[in-house]
Each structure stands twice: as structure tokens, then as C-alpha cells.
Amino acid sequence: MEWSKIVGQNQAIELLERSLELKSIAPAYLFVGANGIGRKLTAKCFCHHLLCVNKADFEKALQQKKIEEGNHPDLLWIEPTYQYKGEFFTLEQAIEAGLKRKSPPGIRIEQVREIGRFLSRPPLESERAMVVIESAETMTEGAANALLKTLEEPGRATLILIAPATESLLPTLVSRCQRVPFYRLSESALKEVLKKQGYGFILEQEEIIGLAQGSPGEAINISETLETIPEDLRNSLLDLPSQPLQLMNLAKNITNHLDTETQIHLINYLQYCFWKKYKDQEMIKHLEGARGSLLSYAQPRLVWECILLKFLPASVH
């Protein structure tokens, strides 16, 4: 995988290329920045360069898509998971299995223990092993503490942690990693990425571009999530009913049709749209409180009933 595929992250690429040129590879890196701006793609590219000891291996890995698909024997890619009946499911696997998701996925202590087992053997094809931990901020406290032991003595391995901010991780984890910053894309870079990936139509949707804030991945995620929300439900929320009973029924429809994760995305969308329409800071604060309640595993229907009834005066305008 070539660096040219990464758009708008020149500082990160320069830092990593310099490490490769000097053969000064840190035991652990922290790729820090917003979601959807190239951290994952950069991690895959860096893994290509570190795992392929010569040009022939590099080209072979590219052709076979070993690293993109996580099939390289010296690469372990960890994603947040859901636990169901003793088994772990990534978000993609959970969707395919039709699992009902009441909370966001997380990195579990069992997955960190898997890292220890993976690194206990020497690399099979490369000079070092690679471990990538995606959404590292979702680690449980037990998982984070277990990872500390691995970071202290990684052996012939390099770990990459991907997180939105240093504050989202234990300071002891951050101190053991070389920080690689990633930044939100400029408007022109955002357009370039969306067009390249076949999502140019999103550029016409002002609310999605506004919510994405320079993140093409977030723009795509928002667009795909909104498509799963019935149009009549969205229209009812953007033009709120004026009667309490209608609002109660609307809360019921939201929780009947949408899982909790989609409801959180919906709150982000409503915050943007309501601010444009009403310019009411209290409405935005109420929605922020609703988001916190959902993330704290409060009963979703009760959350929506409370929040929508608070909007009753605003809906009359």
C-alpha cells in the first residue's frame, strides 16, 4: 500500500517515513485524531512497509491484499467487539448476524490477552510482528491495565493504538507510545476523498458536510446511517408535532425502529438541524443530555419521551 493513497496527512506520513529511513521504529505508536480522516489507512500502509522485508514481499502482499484483509501471519488487528452468548462480534459481524446492539462495542480484556499470546511466538515471515488496536479509547479498565504489561516488553513487535485524543487513554499508555497526530481535512481534500470513493453526492448535503467537520469517513458514516432511518420518522423530528401524545408516539417509533447506536447518530443530526432552524442553545443542551443518558444505558424510550416533551414549546413556533 502506497502513501499516495492517504490524503491530507502529510505530517504523519513524513514522521513515519523518517522512522523507516532511519530504521528507528518505536515499540508503540499512538495515531491520534478524529474518526474517518486516514488513521486506519495509514496504519495499514505502515504495516505494509514494516512487515514486507523486500520489494517482492511488498508487491505480493499488495496483490494478495494480505494486510488490508488482516491475513498476514505477523499482523494482529484488534477491533471493538460486542459479546453475545460467550462469543465476540465486531460491528460488521454483529450487523451480519442481526444482533440487537444496546451499547457501543469495546476492546475487552480477552482481546488484550490474545495480543500477549500472539506476541509470545516469534514472527513467521517478517522481522517483527505488528499489532493494531482500533478505537483504543473503548478499552475497559482491565484491558488497558493488561496492555501496559505488553507495552513495557513488546519483544520483536510494534503496536499501533488508534484513538481520537490522548485524553481518551490512560496517561500511562500514552507515555509508552510515540504520538503521531492526524488532522481534519481541508474542504478541498474532503471533496477529493469523497469523490474518489464514489460519495461525491454527499457534497450536496449541507447538513452531512457540516456534521462531518473535515472527516470523509464520518461523512460516509452519517450518510449511510441516515439512510437507515425511515424518511417519515426524520420528517416528524424536523417538524415536531405540537401535541404531547403525538410526541410520545414519536418516541415510541424511534425506539422501535432504531438501535441505540443509530439513536446517538440521530441526536448528532438533530443538534445540527435544530441549531440551524431554532438557534436555541437550550435545545442543544437537552439533546446533549439525551446523548449522555443513552451512553449511560438509560431506557431509550424514556430518554426520548423526556427530551421531546421538553421541546413542546419550541414545536409550536
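List of remarks:
- In order along the range 276-291, phi translates into HN-Hα couplings of 5, 7, 10, 6, 10, 5, 5, 4, 5, 5, 4, 5, 5, x, 5, 4 Hz, rounded to whole numbers, per the Karplus curve 6.51 cos²θ - 1.76 cosθ + 1.60 with θ = phi - 60° and x for Gly and Pro.
- For Gly210, net neighbour charge (Lys/Arg +1, Asp/Glu -1) across residues whose Cβ lies under 12 Å away: -3
- DSSP-defined beta bridges in the chain - what % are antiparallel, rounded to 5: 20 percent
- Pairs of Cα atoms nearer than 8 Å and 6+ residues apart set the relative contact order; for the chain it is 20 percent.
- Distance violations [Cα-Cα > 21 Å] among Lys40/Lys85; Lys40/Lys276; Lys195/Lys279; Lys44/Lys196; Lys279/Lys310; Lys252/Lys310: Lys40/Lys85; Lys40/Lys276; Lys195/Lys279
- Panel order for Thr90, Thr172, by other beta carbons found within 10 Å of each beta carbon, from fewest to most: Thr172, Thr90.
- Along the axis of the charge dipole computed for the range 3-181 (Cβ charges of +1 for Lys and Arg, -1 for Asp and Glu, origin at the Cα centre), the listed residues Gln9, Leu124, His49 are led at the positive end by Leu124.
- Ordered by the count of other Cβ atoms within 10 Å of each Cβ, fewest first, His48, His257, His286 give His257, His286, His48.
- The angle between the Cα long axis of helix 39-51 and the main principal axis of the chain comes to about 10°, on a 0 to 90 degree scale.
- Residues whose amide H falls under 5 Å from that of Asn35, counting only those 5 or more places apart or on a different chain, are absent, with hydrogens built in the peptide plane.
- The range 231-315: proportion of alpha-carbon pairs further apart than 18 angstrom, %: 34 percent
- Ordered by the count of other Cβ atoms within 10 Å of each Cβ, fewest first, Leu147, Leu302, Leu169 give Leu302, Leu169, Leu147.
- Computed with the Debye formula from one identical point scatterer per Cα of the range 187-227, without solvent, the log10 of I(q)/I(0) at q = 0.21, 0.22, 0.28, 0.30 Å⁻¹ comes to -0.51, -0.56, -0.95, -1.10.
- For q = 0.16, 0.26 Å⁻¹, Debye-computed log10 I/I(0) when each Cα of the range 152-235 counts as one equal scatterer: -0.77, -1.21
- Springs between Cα atoms under 10 Å define the GNM used for the chain, and in it the highest mean-square fluctuation of Leu245, Leu159, Leu30 occurs at Leu245.
- Of the two radii for the range 101-204, the radius of gyration is 1.08 times the Kirkwood radius, both from the alpha carbons; that is the Rg over Rh value.
- Charge dipole (debye, nearest 20) of the chain; +1 at Cβ of Lys and Arg, -1 at Cβ of Asp and Glu: 420 debye
- Rough spin-label spacing in nm, given labels placed 7 Å along Cα→Cβ, for Gln11 and Glu153: 3.6 nm
- With semi-axes defined as the square roots of five times the eigenvalues of the C-alpha gyration tensor, the equivalent ellipsoid of the range 3-181 measures 25, 19, 17 Å, largest first.
Coordinate-derived values only; no laboratory data. All values reported here derive from a predicted model rather than from experimental measurement. Here Cβ is always computed from backbone atoms with ideal geometry, including for glycine, and neighbour counts include all displayed protein chains.
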